[in-house]
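S.K.: Have a look at the structure that comes next, please.
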Amino acid sequence: MEDRIGVSKVVGGSHMQGGGASYVPITGLLERVRQDLPLGEMVHTDTFSLFEAMSAVELGNVKMDAAMSGSCKSVEELIQEGAAPVEGLTPAQTLLIMERLLVMEASWHNGAALAQTVFASLYMLRPDRLRDNSPLLHAYCEGVKATCIAVRWLVMHGAVAEEEDINCWVQGLPIPDMPVPLPDARCLPLLDQATQSAKGLAKGATAPEADVYKAIAAHLEFRRDLHGALLGLGLKSEGGVVGAVAHLTSAQARLQQVMGASPGLQQQQRSIADSQNGKDASGAASTQKEGQGCEAKQQQRQQQRQESAFDAPGFVENVNKYLLGPAPPRAAVVMSTEAAYAYLKSMLGHLQQATDVMHVRGYRALVQHIERFARLRAGVVARSAAHYLIAGKAWGPAMASATALRQATEAEGAAASGTPNNSSQPTPDNSKHRDQAASGDKDGSSSANPAQDVPPPPWVLDRPIMSEACALPEAPGAAGPEADLFLDQIVIASSNWAQSMLLNSCRQRRRLRRGLDDWANIYQHALNADMSEEFVAFTKRAQWAWTPPKDEVEAMNEFYPGPLSTWVECQTAASEALHLLLGFELDLYQPSEYAMVYWYCSVLLGVQRITSQVMHSYRCPAGGASKASMALPAKPGKKGNKGRAATPPSPLPDASTARRQAGLIMDAVRTELLSSMCLGLVRLQLALKVAGIVPDPILTFNSQRERFDQRFAAFHTPPLVRPEPMGYGE
Amino acid sequence: MGAPSDDRQQVNQASISYRQYSGEQDLPIVMHLVDNELSEPYSIFTYRYFLHYWPKLCFLAFSGDKPVGVVICKLDRHREQAMRGYVAMLVVDKLCRGKGVGSELVRKSIQAMIEGKCEEVALEAEVTNQGALKLYQGLGFIRDKRLHRYYLNGVDAYRLKLLLPLSEGQESAPTA
């Protein structure tokens, strides 16, 4: 092929200049080359194989190139044409824009791109235009931007968000990309001031304008509370969480007020009333092919919703299409107003539940908290907050210390107001909330060195909580190097498990299965620790009720399960059972498979029951307390027992040991119950099969054995040895 | 090799013929069928990737001269372990649906994969695509996993898998 210099001679086209690059049309050249190639021959090099080429995008292809979705003017052109007026915006229009931004923000949380939602607003792209003429909207826009930054920070540091959950792409938008900016409190004084103005305007106006100003004030207060809550959560301290709880409670109340005055919801109610009165032509139902008719109506409703989402002043659907890049366009689905409010309400509730972690003490309570939260099926923002709060050092950057955040906030505030740092005063009405959120650390808030790490809260998944889980001493070396290594490994494995639990449910199930490799590895460490001399000596000193095996052969014998390997087996069985049960929620099983799935679940729950009972029998005192502290008081001496003096009553077990023992008994009882339920469901399924209601499928290419192997293959994969995998024959 | 026409001629199972992909001259038919029916965008490189390396795993269905269905597959070693077949695309013209054309195309492709020592077959399907799910489940596929918002239109997908019984040669072969 001719080199580039000769191309223009071959094609006879002229050069085009643009953006510093020279463009040469080569269509003619490609035509000539094509004529020389026989059918089936392709041009390729080592770096352009067909496999790599599959990720190529055809520029200009509407299905593949997001920037080809229709023409759009630049932001400046649109503003010049009056698409986003700043003078003469009525209060009703201001309220509508605020609400629409809230809906867009909810849509972003649920998978749509920021560029196609929040920043489809010209006011968000150029908020400074609003400063003089529309200060209320200006404050709100700054608040939305700050909250988006805070949410993005939380999501990226929460480590449970995947690309299908939320789109954190901000290239070309007025949000710094990397490094991920720390959330700050700069917008709070602005929001406070705007709230006071709105309330003042409400007092001076008459209905209905007064109601509109009250609704605007409610929006501003909601924004302030939401941002305050995110700042509090970001501190990852007891004080920060307490502050966040206060903000969340207030935000929930504000949201109710906002919903009560929502123009979007009122419009929706009017539409429903119109359609019920027969004025809506699209409400006619098709009697034939109802399934297709319903789907078409849903698509039509979605299309209408998409169009109305951009009806408010300043919103232009494709204003940022050039930022989407040469990639296949993902559908940007804007939620309905009703759905957005429902999402925000549930998000606030889920964030509240995430803050319940501050009452957690001990591994078992933490596991229950995580399992309970996971069952909520919360959105990515709440899940990120929940994981961020419990994640230990292994999961991301050092915590944002209260001192660093306060100093950064005060410095920014001073720079903005032009006053020295030490004279900046908090707004009187909200000083309590802000101080709680910004400096709520009980420990370390007075540190002069902002880089100094604040000790983690007691609920964080780290070495202290894991040592309590296994009744091991926290101090390194006390139970030997193998036990120390085991403790390090279970911190990692449990952290991975906690992260798995807070992913979206599809990923959660897959990650639980992949986590079995971790548990298999940990099991080997546990066996080594159980057999190590130092650990055995430790258990004797601490008077555990466990007889160590004489050698490795005995150690592998199920009648001599070591305490640490038993604990690992219990955790592994729990992960496997949860992995199977999640399949029901994700609708992965056909009715003909229910029996074998429930059967395997009953086996795994049985393993959990037995291992809990074994661990209970070992009576491992927390922190190495003595056996004497575990014994129940002796019965008084009977008549005729001459010469045998009554033994004095032994001291009661310490609180943490008693809690651990009680927890093990409860786990044994619970898993026995669940195992029985599963067996009952197995019998039910078999009865339905016999009755012909749930017949076996007709299999063309394989048999029930292969289907069994497929479902439970992960439990048979080496090096996983415990729980013992069950075969098809069993 | 033209595009499917609008004629409403009665289509029945007996009038459907099947053949393997024979070369680049069939590529326009394949692309036209897939582009018309599937929402996901595919570049020509994607088509060529499958059809150039695994032409024997692509089958076309015709009603007379009119192309009414196509299945495109591949077969290779998955993560250095099992030989895995993959059904990349399956399309049946709307007029011919519900007549077993899709099932027959998939059956032929699986048979060809078995001849290629395939151990398992996988594919993705939209969770809302009841027709496809029924088709594959009828052939013994199970829903192995769910992929959240897998498609560009935001819909979830199921990964369906069919584990094939090992042949005598595969059973006695030493493991890696």
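Taken together, the values in this text are just the output of simple stated rules run on the coordinates, not laboratory data. Bear in mind the structure is a predicted one, so any value in this text is a computation, not a measurement. For neighbour counting, all protein chains shown are included, and Cβ atoms are generated from backbone atoms with ideal geometry for every residue, glycine included.
S.K.: For an R0 of 60 angstrom, estimate the FRET efficiency from the Cβ-Cβ distance between B:Glu37 and A:Arg683 and round to the nearest 0.05.
M.R.: Working: r = 45 Å, r/R0 = 0.75.
The formula returns an efficiency of 0.85 here.
S.K.: Oh, and also: Between A:His44 and A:Ser74, what FRET efficiency follows from the Cβ-Cβ distance if R0 is 35 Å, with the result rounded to 0.05? Walk me through the intermediate numbers first.
M.R.: Values: r = 39 Å, r/R0 = 1.12.
About 0.35, to the nearest 0.05.
S.K.: Is any residue of the range B:57-98 close enough, with backbone N under 13 Å, to a label point placed 7 angstrom from the Cα of A:Asp709 along the Cα-Cβ axis, and if so, which?
M.R.: B:82-83
S.K.: What are the semi-axes of the equivalent ellipsoid for the range A:464-557, taken as the square roots of 5 times the Cα gyration tensor eigenvalues, largest first, in whole Å?
M.R.: Numbers: eigenvalues 162, 49, 19 Å².
Semi-axes from the Cα gyration tensor: 29, 16, 10 Å.
S.K.: Beyond 32 Å between alpha-carbons counts as too far, so tell me which of B:Lys56/B:Lys99; A:Lys214/A:Lys345; A:Lys145/B:Lys145; A:Lys145/A:Lys199; A:Lys236/A:Lys345 fall in that bin. Don't skip to the answer; put the middle values down first.
M.R.: Details: B:Lys56/B:Lys99 24 Å; A:Lys214/A:Lys345 20 Å; A:Lys145/B:Lys145 37 Å; A:Lys145/A:Lys199 23 Å; A:Lys236/A:Lys345 23 Å.
Going by Cα-Cα distance, A:Lys145/B:Lys145 fall outside the 32 Å limit.
S.K.: Residue separation times 0.36 nm, minus the C-alpha to C-alpha distance between A:Gln268 and A:Ala205: what's the value? Provide the component values of the computation, followed by the final result.
M.R.: Values: separation 63, 0.36 × 63 = 22.68 nm, distance 2.68 nm.
The span from A:Gln268 to A:Ala205 would gain 20.0 nm if fully extended.
S.K.: How far apart, in nm, are the 7 Å Cα→Cβ label points at A:Ser617 and A:Ala691?
M.R.: 4.1 nm
S.K.: Decide, for the range B:14-171, between rounded, prolate and oblate: order the square roots of the alpha carbon gyration tensor eigenvalues as a ≥ b ≥ c, take rounded if a/c falls under 1.5, and otherwise choose prolate if a/b is larger than b/c, else oblate. Walk me through the numbers before you get to the answer.
M.R.: Values: a/c = 1.40, a/b = 1.16, b/c = 1.20.
Verdict is rounded for the range B:14-171.
S.K.: What FRET efficiency comes out for the pair B:Gln81/B:Glu115, r = Cβ-Cβ distance, R0 = 25 Å, nearest 0.05? Mind showing how you got there, number by number?
M.R.: Numbers: r = 20 Å, r/R0 = 0.81.
Once rounded, the FRET efficiency stands at 0.80.
S.K.: Shifting gears a bit: Based on the Kirkwood radius over alpha-carbon pairs, what value in µm²/s does the Stokes-Einstein equation return for the translational diffusion coefficient of the range A:75-119 at 20 °C and 1.002 mPa s? Please report the intermediate quantities before stating the final value.
M.R.: Values: Rh = 11.8 Å.
It diffuses with D of about 182 µm²/s by this estimate.
S.K.: Just to be sure I understand: if I project the alpha-carbon convex hull of the range A:520-594 onto a plane and average over all orientations, what area do I get in nm²? Don't skip to the end; give the middle numbers.
M.R.: Numbers: hull surface 27.5 nm².
So the Cα hull casts an average projection of 6.9 nm².
S.K.: Label A:Thr717 and B:Arg19 with points 7 Å out from Cα along Cα→Cβ: what is the distance between them in nm?
M.R.: Distance between label points: 4.3 nm.
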